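Okay, so here's the structure we're looking at.
The values are calculated or read from the model by the stated rules, or taken from the named source; none is laboratory data. Computed from a predicted model, the values in this text were never measured in an experiment. Heads up, the Cβs are rebuilt from the backbone with ideal geometry, glycines too, and the neighbour counts pull from every protein chain shown.
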């Protein structure tokens, strides 16, 4: 039977890439580790010779051996022990550093990724990459140094001792290796497939749990607890099935190694025993050789089980590098220049955009937004209003046509300068689990406390913040959960006030608020809009009647434009929507983005 390599061919390149990109900067430390590993291997190789010498000395009634023998044993074991300790400490230092660096690089890559890329998996599934996948990777990196290299060194030293003591017997013992290596290779191949599927299933399960907990209010309102429990149980059972499949595959390794080792030891016992009885060999030869063989069994077994660990890590590394190698679609041009904002005029020229090949979102949009003007986008759900807003800060790129600001194509300017010029306030408020001061301060890093408080005052937020126990140092909790919806929205507005960007995008900023909160937020919005180029998506048509221009969108196209009075006189799509909303015949969501 042909012998299979310890690692599959596609695992070796992955490990090679880990070396080039992450481990090579730690060459000096790893060189010391290799020296310590060599010391451990050499010290281990001395054990059989010591045992052989001791038994020969006892058999020859050499009393001096009782004096110097134990001292030599203590010296060798002490050297080996200190070398093992040093190797463990240095290995852990390198592995934990590499793990942290790889996680930081993955996080930075995800933060820089496009919304389209991030939308393919849930946040929980991405989070699972940082836990489960890295557990496999860390385990493999640790084992490579503490098991692979160390045990190879030990095995080489012990095999050298075996050859020195009896080359023929060593050849006989080695006959079992190919018969064990073949099945180990097949088990590793199966583990690679199962591990990949398991990691993907665990990501789906993490997404399911996150989704269920985030939707707890709806689940309780609609009595969905039983459905959610059943769905979760099915996911847990699938993960369990895959883990059992992997465990059963790994479980085959120990019997294979045990049986192979048993055959080797049995053959040696027969051949050495016969030689001792015939006087060809001494008892010291016998005990030393058997001791070396038994000592060699431990690193051989470890190397056999290491294959399973490396295959699981190979699956995790494949997922890691596949994600890291995915280049963002939104990229700066090589000759990108900083955006120069004069007034903030926005121009959409024959803009076409789609999220998927079969789902056009915008078709041939031609629209001019004058500097300092307020332009309202209205229309039924799915008409393309939010898609149009997303194109301005290049959260997505047009498929055809162009978006320009003050005559500059936004694809030709730096992303940092473009996004400094744009402030966004949306229905979905994003707050981070930090203080109120920090969440407002994100609008302009480095802003003073006085500037933060002034922004809060402008956003009608200072009053409620001052009443909180810690004031501006109050932590808002995950996703701002310790604040009400109106309070969260006013913090978001304060952040936009502090940013003081010339272009303002308002996406249904008041649609989810109660009447009192909406009144406060609406007043703050009017203050924020003064002197800025504003694109606003309105849930209620009554809130946009004073806009400089109203754009009615239908099926990704501009259906009509004009002021409120002009559009009402025409009696077109806007007038129909307005009448339907006033009469109550149209539910609110017909005008949602």
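Specify the residue that is nearest to residue 446 (Cα to Cα); the eligible residues are those in the range 496-540 that are touching a strand residue (DSSP E or B) at 6+ places or on another chain (Cβ under 8 Å), in a helix (DSSP H, G or I) and modelled with pLDDT of 85 or more.
Only one residue tops the list, namely 499.
Return a yes/no flag: does the range 431-453 have any residue that is in contact with a helix residue (DSSP H, G or I) (Cβ under 6 Å, 6 or more places away or on another chain), in contact (Cβ under 8 Å) with a residue 40 or more places away in the chain, assigned to a strand (DSSP E or B) and within 29 Å of residue 549 (Cα to Cα).
no
Are there any pairs with C-beta distances below 7 angstrom linking a residue in the range 358-370 that is at positive phi and surrounded by fewer than 17 Cβ atoms within 10 Å (Cβ to Cβ) to a residue that is in a strand (DSSP E or B) and at pLDDT 85 or above, with the two at least 6 apart or on different chains, and if so which?
Short answer, once both residue conditions are applied: 364/350; 364/352; 364/557.
Is there any pair linking a residue in the range 28-53 that is surrounded by fewer than 16 Cβ atoms within 10 Å (Cβ to Cβ) to one that is part of a helix (DSSP H, G or I) and modelled with pLDDT of 85 or more, with Cβ under 7 Å and at least six apart or on different chains, and which?
29/90; 29/93; 29/94; 32/90
Condition check: assigned to a helix (DSSP H, G or I) and touching a residue at least 60 places away in the same chain (Cβ under 8 Å). Does residue 394 satisfy that?
Spelling it out, it is not the case that residue 394 is assigned to a helix (DSSP H, G or I) and touching a residue at least 60 places away in the same chain (Cβ under 8 Å).
Of all residues in the range 331-349, how many are in a loop (DSSP other than H, G, I, E, B), in contact with a helix residue (DSSP H, G or I) (Cβ under 9 Å, 6 or more places away or on another chain) and surrounded by fewer than 18 Cβ atoms within 10 Å (Cβ to Cβ)?
Here the count works out to 7.
Within the range 429-441, how many residues turn out to be out of contact with any strand residue (DSSP E or B) (no Cβ under 8 Å at 6 or more places or on another chain) and either closer than 22 Å to residue 352 by Cα or surrounded by fewer than 16 Cβ atoms within 10 Å (Cβ to Cβ) (or both)?
Looking only at that region, the number is 2.
Sort out which residues of the range 111-125 are free of Cβ contacts under 8 Å to residues at least 40 places away in the same chain and in contact with a helix residue (DSSP H, G or I) (Cβ under 8 Å, 6 or more places away or on another chain), and write them in order of number.
Hit for the range 111-125 is 118, nothing else.
Would you point out the residue of the range 398-420, among those that are in contact with a strand residue (DSSP E or B) (Cβ under 7 Å, 6 or more places away or on another chain) and assigned to a strand (DSSP E or B), that is surrounded by the most Cβ atoms within 10 Å (Cβ to Cβ)?
405
Is it fair to say residue 352 is farther than 30 Å from residue 528 by Cα and either over 32 Å from the mean Cα position of the chain (by Cα) or surrounded by fewer than 18 Cβ atoms within 10 Å (Cβ to Cβ) (or both)?
Yes; evaluated as a whole, the condition is true for this residue.
Being at pLDDT 85 or above and outside any loop (DSSP other than H, G, I, E, B), is that true of even one residue in the range 575-586?
Scanning the range 575-586, I find no residue that is at pLDDT 85 or above and outside any loop (DSSP other than H, G, I, E, B), so the answer is no.
Do you know which residues across the range 460-482 are in contact with a helix residue (DSSP H, G or I) (Cβ under 7 Å, 6 or more places away or on another chain) and either over 11 Å from residue 430 (Cα atoms) or part of a loop (DSSP other than H, G, I, E, B) (or both)?
Residues of the range 460-482 in contact with a helix residue (DSSP H, G or I) (Cβ under 7 Å, 6 or more places away or on another chain): 460-462, 464-465, 471-474, 476, 480.
Within the range 460-482, 460, 461, 462, 464, 465, 471, 472, 473, 474, 476 meet the criteria.
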